[in-house]
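Contents: one structure, followed by commentary.
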Amino acid sequence: MIKLLPLVLPVGFLLTAGTIVTVGNALSANAWMSLLDNSELWISLGHTFFVSMMAAGISVALGSVLAWCVYRLPKFWHGLAMLYKIPLILPHIVIASLAILFFSQSGLFSAVASQLGLIDNMHQFPSILYRGYGLGIIFAYVFKEISFVMLMFMGVLRRLNENLVISARMLGASPARVFFTIVIPHLVPMMRICFVVLSLYAMGAFEIPWFIGKTRPQMISVTVYNLYFNSSIDHQPEADALLSILLLFSVVFLYVFLLPGRRKIQDAF
Amino acid sequence: MLVVQSLAGIWQWPHLIPQSWNLRAFEFFGRQAGIIIHSIAVSISYAVSTVGLSFVLCYFPAEALARDHLPNQTLIETVLLLPVLLPQITFSLGIHHIFIHMGLTDNWLGVVLILTIFSYPFMLRALIAGFHINGKNFALAAKNLGAKSWQVLLHVELPLMLPALISGGSVVFLVAFTDYFLVFLIGGGVVQGFSGYLFPFLNSSDRPTAALLSIVFLAIPFLIFALIELTVTRWYRRWGMENHSA
């Protein structure tokens with residue numbers, strides 16, 4: 001037990017102290033009153049949850065298909081397929097700027113559309129990034145998260161017993177059937193973990209929404225930042241209250257989702 | 001994509017490729033080289049220190065978790081991995097407050113500390129895996145032959161853990177190097193890392209320069225990883241170790 005101390009002491013202290021400070025600050029009644037009054041805030045919260053979970057869900061779904069395809073590639077392509085790992089090392093801010101480059105009204109896809117004669121001027125191109133249901137943010141997150149998901153899934157796929165697949169094919173299963181009946185159930189524990197991890201991550205991330213998010217509704221990480229730094233000090237308890245909600249939700253979310261598969265998680269790790 | 005951008009001159013809307021090319025971005029880079037290199041150095045320094053600190057902090061706990069049978073082991077492991085699971089902002093603002101009281105803001109040490117807090121789980125996981133792979137037998141054999149504890153640590157355990165250290169360290173380095181938010185929050189602009197230097201450019205309309213700087217930003221971890229691969233692989237061959245990738 002004592003061996004754990006070098007880590008537990010400083011980290012545990014700072015984290016608990018940080019949490020106490022945040023929650024304590026939030027306990028003033030004013031903060032909660034103004035929060036409850038502010039309906040826009042609740043919409044923002046909902047929006048945040050929606051965007052994060054959408055991105056995580058899409059990444060997990062697409063990632064599983066892609067991981068399986070890459071896994072089944074003949075040896076020759078394996079080196080090239082390693083490209084999938086690139087988004088992982090891209091910093092968020094670069095991904096955000098790439099998203100702007102491609103998807104904005106003055107961006108590349110818009111230019112393609114105009115060359116194809118679909119639109120006449122740049123304003124006709126749908127404002128994906130700044131309006132709509134946060135599609136731009138979802139794209140950016142999915143881009144990065146798919147890479148992460150594929151990395152995790154490749155590890156799990158390596159433990160899949162090849163014979164299951166061979167037998168299924170011999171018995172006449174189509175590739176799609178093989179995928180849905182064998183591969184997916186094998187991946188489910190990791191899918192669950194990835195979904196939770198990625199949702200929580202997206203809820204807390206700040207850099208991407210700061211660049212390509214819109215102001216109403218906002219991702220709450222941006223809201224918190226604005227409340228904390230760009231307005232008077234009175235608003236800090238509000239920010240802390242928001243954070244407390246987020247923290248509470250995260251803990252509950254973690255617990256609920258990971259409870260059924262706890263032992264499997266240890267294996268997956 | 002980024003390469004094309006960095007070379008572009010004027011690139012107006014409906015055109016699919018730049019209308020003119022020039023090296024303006026590169027000229028800018030040349031002029032500003034001093035500042036740029038300084039900020040890269042700062043970033044590398046705090047990233048490497050974060051790796052080092054997380055290694056020191058995680059070494060013994062990883063050994064305890066991997067080898068000793070602790071009660072409630074699963075629970076402890078889950079709790080220890082939390083900083084990476086829960087959203088960063090929930091903790092960082094509170095810790096920011098505390099750092100202010102402790103005088104750790106606007107300085108390099110505070111940045112290293114906070115980066116360590118949020119990225120040590122990766123190192124911990126890698127070290128635990130490493131400990132699982134290397135059994136206790138080497139250490140036992142060494143002790144049997146008469147080595148003292150610190151000798152065992154220095155000459156047997158640590159070299160064995162090197163692959164795990166590299167693997168965990170790569171992830172921690174990447175996270176620490178590319179982080180913008182935490183460095184900005186705790187460092188407050190005084191600690192000028194490269195991510196902080198890059199940020200305003202991405203916001204601006206000076207796309208070519210931003211693209212060039214982004215390429216540099218990406219290239220640095222690449223280079224460092226390549227460097228490590230080369231040197232460490234040579235060490236492995238000298239010691240007769242196979243290449244474990246944890």
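Just so you know, all these numbers are worked out from the coordinates, no wet-lab data involved. Predicted model, so just to flag it, every value in this text is computed and none were measured. Neighbour counts run over all protein chains shown; Cβ positions are idealised from the backbone, glycine included.
I'd like the mean, over residues of B:50-59, of how many other protein chain beta carbons sit within 10 Å of each residue's own Cβ. Write out the running numbers ahead of the final one.
On the way: counts 0, 0, 0, 1, 2, 0, 2, 7, 3, 3.
Other-chain Cβ atoms within 10 Å of each residue's Cβ, averaged: 2.
Counting other beta carbons within 10 Å of each residue's own, what order do A:240, B:68 fall into, fewest first?
On the way: A:240 26, B:68 11.
By the 10 Å Cβ count, ascending, the order reads B:68, A:240.
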Would region B:42-101 count as rounded, prolate or oblate if I go by the C-alpha gyration tensor, calling it rounded below 1.5 in a/c and otherwise prolate when a/b exceeds b/c, oblate otherwise?
oblate
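Decide, for region B:83-202, between rounded, prolate and oblate: order the square roots of the alpha carbon gyration tensor eigenvalues as a ≥ b ≥ c, take rounded if a/c falls under 1.5, and otherwise choose prolate if a/b is larger than b/c, else oblate.
Details: a/c = 2.76, a/b = 2.42, b/c = 1.14.
Because a/c hits 1.5 or more and a/b exceeds b/c, region B:83-202 counts as prolate.
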Can you run phi through the Karplus equation (6.51, -1.76, 1.60; θ = phi - 60°) for region A:172-179 and list ³J(HN,Hα) in whole Hz, with x for Gly and Pro?
x, 6, 6, x, 5, 4, 4, 4
With x for Gly and Pro, the residue-by-residue ³J(HN,Hα) of region B:109-123, computed from phi through the Karplus equation 6.51 cos²θ - 1.76 cosθ + 1.60 at θ = phi - 60° and given in whole Hz, is 5, x, 4, 4, 4, 5, 5, 5, 4, 8, 10, 4, x, 5, 5
Any chance you could run the full-extension gain for residue A:62 through residue A:170? It's 0.36 nm times the residue separation minus the Cα-Cα distance, nm to one decimal.
36.2 nm
Cβ crowding within 10 Å averaged over residues, with A:166-178, B:159-171, B:105-117, A:245-257 ranked highest first:
B:105-117, B:159-171, A:245-257, A:166-178
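Inside 10 Å of the C-beta atoms of A:13-23, what's the mean count of C-beta atoms belonging to other chains?
Working: counts 1, 11, 10, 2, 6, 11, 5, 2, 8, 9, 2.
Mean partner shielding for this stretch: 6.
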What FRET efficiency comes out for residue A:159 versus residue B:66 if R0 is 25 angstrom and r is the Cβ-Cβ distance? Round to the nearest 0.05.
0.80
Peptide A:199-206 - average C-beta neighbours from other chains (10 Å radius):
5
